[in-house]
Structures are given as structure tokens and as C-alpha cells.
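Novice: If you scroll down you'll find the structure; I have some questions about it.
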Amino acid sequence: MLKGRSLIDPMDFTVEELEEIFKLADDIIANPKEYMHAAEGKILATLFYEPSTRTRFSFETAMLRLGGQVVGFSEPNSSSVSKGETIADTIRIVSCYADIAAMRHPKEGAPKVASMYSTIPVINAGDGGHQHPTQTLTDLLTMRRTKKRLSNLTIGMCGDLKFGRTVHSLIKAMSRYDNNKIILISPDELKVPEYIKKEMLDKNNVEYKEAKRIEDVIDELDVLYMTRVQKERFFNEEDYIRLKDSYILNENKLKSAKDDMIILHPLPRVNEISYEVDNDKRAYYFKQAKNGMYVRMALMAKLMGVL
């Protein structure tokens, strides 16, 4: 049973519990009208301590489509946080008014602290460079719906693999499924941290390799997960200028890719996927964003115990 639980880390739920959420999301996608009143009388509190467009809209729309309502703040200066209120006290008060809370915070571990003091389910909507579990659920649902499986896949992760919380969460999640191979594509400056390799890949005997160019490995991939190469992460601008074009996906680089490969991206995109790729049948990042709304509907319904 997921009722009353919080989701802070992608590993909080078993593979079987995740499958329960995905099956409900599939049914919501197939029969949206049947779920229009599922959360009637329920309230979601969105506690966003840093800016967000997609994630906040996705949570709010998900609750509204379930027939519930939304309260909250989109930046801390509009709340008592600006007066110095602690997370523990904020969530205690929010628990008096709402049935479930989604929290985004720049400090790693903040949603975990909130969940310890909360009497309602807390969903981590992103904490620093740490975790983004509902993005991971979105990624998994999209792969499951398109590839019909979450095992026996070769997944290329490209861009900022050092600081990208979506990448770290996805590596952690995919390491639980059988026979997946992960190819890590990045400049030396933005390689996956050693602790991720040791704790998630080596520990779980996940096959992986590292590459510096998309075109060297794209023909092997079932899934290409793109992220932004961030200029601000480089100490030397010359290095950034030298490398940045290597990580822009265009039609030319897709020539040797499999016909049924899918391209994912947590968004927002800057310039790492050319607009010409949007018309390619393998581009799934906008469908992926829509799946995020459906998986959050399923997740909140399960945590609130209304479905």
C-alpha cells in the first residue's frame, strides 16, 4: 500500500510499487474522464523554494485533472520563509490545511526533513543537485510505454553528467532492472562522479562505458537521454567553446541511430537539441513532458489513497 507514504528518493518504492503507479498512469492516459473526480475535496500544497515552470505546472495540472485543488507558493519570498520560518514549522502548518505536498528546494535533503515532520505525504519535486524522483518516474513511464520494457536496454546519457540530478536519479533507477547497459557521454569536465559509478553501477553489476562523442556510440542506443552542457560549469571558456558543438544533437548525428531509438530530455532545452530534430519520429521529449503530468496524477492518487 502506498497510501500515506512520501516519495523523497527514486529508491523509496519497490519495482513492484512503481509498476502499480505505471499501470494506473496507463489507465489514466487511456480513460482520462474516469478520473476527473478522483481527488475531489483534496488539496495539494506546492512549496517551491526555487523557480520551476514544468514541474510546478505539471503537479498543479495533475491535481486539477483529478478534481482536486491547489494552494502554495512559487518562490519563498511570498511566504513566511522570508520571516525565517523553518521547513519543519512550514510543513507542520501546511499539514493542517492540505492533503499532500510537493516541495522543490535548492538544499539537498530539505524534502526529507519536511517528510519527517509532516503528517501528510511529501513528494520531492527536486532538491539541489541531488534527486528529482518524479522526473525519474516520468522517464521510466515514457520508456516503458515506448519500448514496452525497462530491462535489456542500452541507454546513452549525454551532457552534464556531473551535476545533473535527473541523470543521477535515472542511473539509480535503471540499475534495478535487468541487463541494462549505460553509455555515459560527456566532456571530461562533466563526467559522472565516481561515487555514482561505485555505488550504483559497479555495486549492481551494471554494464557501462564512457564516451566523448555522441556519434561514436549513437548506433548502439535504444534510448538517448540528452541534458544541457552548462557553460557556467567550465573554468575555461575556451574549453567550453571547443566542446559545446559536440553535444548538440542534429539530424546529421541521427543518421546512424536505430529507427526505433527514442530521444528524451528532462527540459528545458537551450541548444543541445536542434529544432530540426523536433520533427523526427524518435523525438519523444514533449510526449515525455505530458507523461509527467499523468504519472504525477497516478502517484498523488496512490499516496492520498483515493485510487
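Novice: Hey, if you put +1 on the Cβ of every Lys and Arg and -1 on every Asp and Glu Cβ in the chain, which of Met300, Ala257, Ile214 ends up farthest toward the positive end of that dipole?
Specialist: Checked the options; the winner is Met300.
Novice: In debye, nearest 20, what is the charge dipole magnitude of the chain about its Cα centre with +1 on Lys and Arg Cβ and -1 on Asp and Glu Cβ, if you could check? Working shown, then result.
Specialist: Values: 45 positive and 45 negative charges, 100 e Å.
Using Cβ point charges on Lys, Arg, Asp and Glu, the chain gives about 480 debye.
Novice: Just to check I understand the Karplus step: with θ = phi - 60° and J = 6.51 cos²θ - 1.76 cosθ + 1.60, what whole-Hz values come out for region 177-183, glycine and proline as x?
Specialist: Result, rounded to whole Hz: 9, 6, 6, 8, 10, 10, 10.
Novice: Filter Lys209/Lys253; Lys3/Lys181; Lys33/Lys290; Lys23/Lys203; Lys112/Lys302; Lys147/Lys255 down to the pairs with a C-alpha to C-alpha distance above 22 Å, please. Write out the running numbers ahead of the final one.
Specialist: On the way: Lys209/Lys253 20 Å; Lys3/Lys181 34 Å; Lys33/Lys290 16 Å; Lys23/Lys203 29 Å; Lys112/Lys302 19 Å; Lys147/Lys255 20 Å.
Going by Cα-Cα distance, Lys3/Lys181; Lys23/Lys203 fall outside the 22 Å limit.
Novice: What FRET efficiency do you get for Glu20 and Ala88 if R0 is 30 Å and r is their Cβ-Cβ distance, rounded to the nearest 0.05? Don't skip to the end; give the middle numbers.
Specialist: Details: r = 31 Å, r/R0 = 1.02.
Between Glu20 and Ala88 the formula returns 0.45.
Novice: Direction-averaged shadow area of the convex hull around the Cα atoms of the chain, nm²? Intermediate results must be reported in sequence, preceding the final value.
Specialist: Values: hull surface 63.0 nm².
If you wrap the Cα atoms of the chain in a convex hull and average its projections, you get 15.8 nm².
Novice: Give, as ranges by residue number, the residues of region 127-154 whose backbone N falls under 13 Å from the point 7 Å along Cα→Cβ of Asn204.
Specialist: Within reach of a label on Asn204: 136-137, 140, 150-153.
Novice: Using the Cα centre of region 134-288 as the reference point, and only Cβ charges (+1 on K/R, -1 on D/E), how large is the resulting charge dipole? Debye, rounded to the nearest 20.
Specialist: On the way: 29 positive and 27 negative charges, 140 e Å.
It comes to approximately 680 debye.
Novice: In terms of the ratio Rg/(2.2 N^0.38 Å) built on C-alpha atoms, what value belongs to region 11-161? Intermediate results must be reported in sequence, preceding the final value.
Specialist: On the way: Rg = 16.5 Å, N = 151, 2.2 N^0.38 = 14.8 Å.
Its radius of gyration relative to the 2.2 N^0.38 Å reference: 1.12.
Novice: Still on this model: Simple spin-label model, 7 Å along Cα-to-Cβ: Lys231 to Asp245 in nm?
Specialist: 1.6
Novice: Per-residue ellipticity at 222 nm for the chain, helices alone: DSSP H runs ≥ 4 residues times -39500 (n - 2.57), over residue total, nearest 500 deg cm²/dmol?
Specialist: Values: 8 runs with 99 residues, N = 307.
Computed ellipticity for the chain at 222 nm equals -10000 deg cm²/dmol.
Novice: Can you bin every Cα-Cα distance in region 134-288 into 5 Å intervals starting at zero and give me the percent of pairs per bin, rounded to whole numbers?
Specialist: 2, 9, 21, 24, 22, 14, 6, 2, 0
Novice: In whole angstrom, how far apart do the alpha carbon centroids of region 264-299 and region 176-216 sit?
Specialist: Centre-to-centre (Cα) distance: 22 Å.
Since every read-out is calculated from the coordinates, none of them should be taken as a lab result. Please read all numbers here as calculations on a predicted model, not as lab measurements. Virtual Cβ from ideal backbone geometry, glycine too; neighbours counted across all protein chains shown.
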